[in-house]
1. Given the residues HIS56, HIS44, which is the only one that is part of a helix (DSSP H, G or I), out of contact with any helix residue (DSSP H, G or I) (no Cβ under 9 Å at 6 or more places or on another chain) and either among the polar types (S, T, N, Q) or free of Cβ contacts under 8 Å to residues at least 60 places away in the same chain (or both)?
2. Scanning region 27-76 for residues that are hydroxyl-bearing (Ser, Thr, Tyr) and in contact with a Gly (Cβ under 9 Å, 6 or more places away or on another chain), which turns out surrounded by the most Cβ atoms within 10 Å (Cβ to Cβ)?
3. I'd like to check something: does region 61-78 contain any residue that is part of a loop (DSSP other than H, G, I, E, B), within 20 Å of the chain's Cα centre (by Cα) and charged (D, E, K, R)?
4. Contact list please: Cβ distance under 6 Å, first residue in region 85-105 and assigned by TED's automatic domain parsing to the domain that holds MET125, second residue basic (Lys, Arg), pairs at least six apart or on different chains.
5. Which members of region 97-115 meet the condition of being outside any strand (DSSP E or B) and either modelled with pLDDT under 95 or hydroxyl-bearing (Ser, Thr, Tyr) (or both)?
6. Which one of SER82, SER149 is of a type in the set (S, T, N, Q), out of contact with any Lys or Arg (no Cβ under 9 Å at 6 or more places or on another chain) and in a loop (DSSP other than H, G, I, E, B)?
Amino acid sequence: MTKHRLDAIDIRILSAVQEHGQLSKARLAEIVNLSPTPCLARLHRLKTAGLIRGYHADIALDRLCDITQVVVTVALTEHRRSDLERFEARVRALDEVTDCIATGGGMDYVLRVVSPSLTAFQNTMEELLAPELGVQRYMTYIVTREIKSARPNLPRLAAKAPG
């Protein structure tokens, strides 16, 4: 994966859109402390480089409806590329799986599943346990409350990046 050299202004732009989402040209320029036209040009360059994948709202789901969140760790029986791709394709197709990361160590994947109920969660797990997916074992952890959910501190990460 290509790493991009970013200066302090680029980092401020990325931090601003990470924190606030889409902003008007004037507001972004004000936050970044740069005139609007060069600020917008830099923003377009960052988007073109693939550094901004999208804009998202942080919805308070608990205020909208009842939900059940479950963290699931999964180990597959086999680790051929085709086995991993098959499992990952199924995970991508399930709306209930909101996050999935591949891990090294004892488990192959960690998933976050958001469902309206435990019954709905169990239905999702039954799909993931289809024989063709080759799940060897899994562990589930019911989320009782969320302590922290945040985005990385971009200026701090960039300051520690080699290069």
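1. HIS44 is the lone residue from the list that is part of a helix (DSSP H, G or I), out of contact with any helix residue (DSSP H, G or I) (no Cβ under 9 Å at 6 or more places or on another chain) and either among the polar types (S, T, N, Q) or free of Cβ contacts under 8 Å to residues at least 60 places away in the same chain (or both).
2. Ranking the qualifying residues of region 27-76, first place goes to THR73.
3. Taking every residue of region 61-78 in turn, none turns out to be part of a loop (DSSP other than H, G, I, E, B), within 20 Å of the chain's Cα centre (by Cα) and charged (D, E, K, R).
4. THR98/ARG112; ASP99/ARG112
5. Answer for region 97-115, where residues must be outside any strand (DSSP E or B) and either modelled with pLDDT under 95 or hydroxyl-bearing (Ser, Thr, Tyr) (or both): THR103, GLY104, GLY105, GLY106.
6. Working: SER82 fails: in a loop (DSSP other than H, G, I, E, B).
After ruling out the rest, the residue left standing is SER149.
The values are calculated or read from the model by the stated rules, or taken from the named source; none is laboratory data. Worth saying up front: this structure is predicted, and the values here are computed from it rather than measured. Ideal geometry is used to build each Cβ from the backbone, glycine not excepted, and the neighbour counts take in all protein chains shown.
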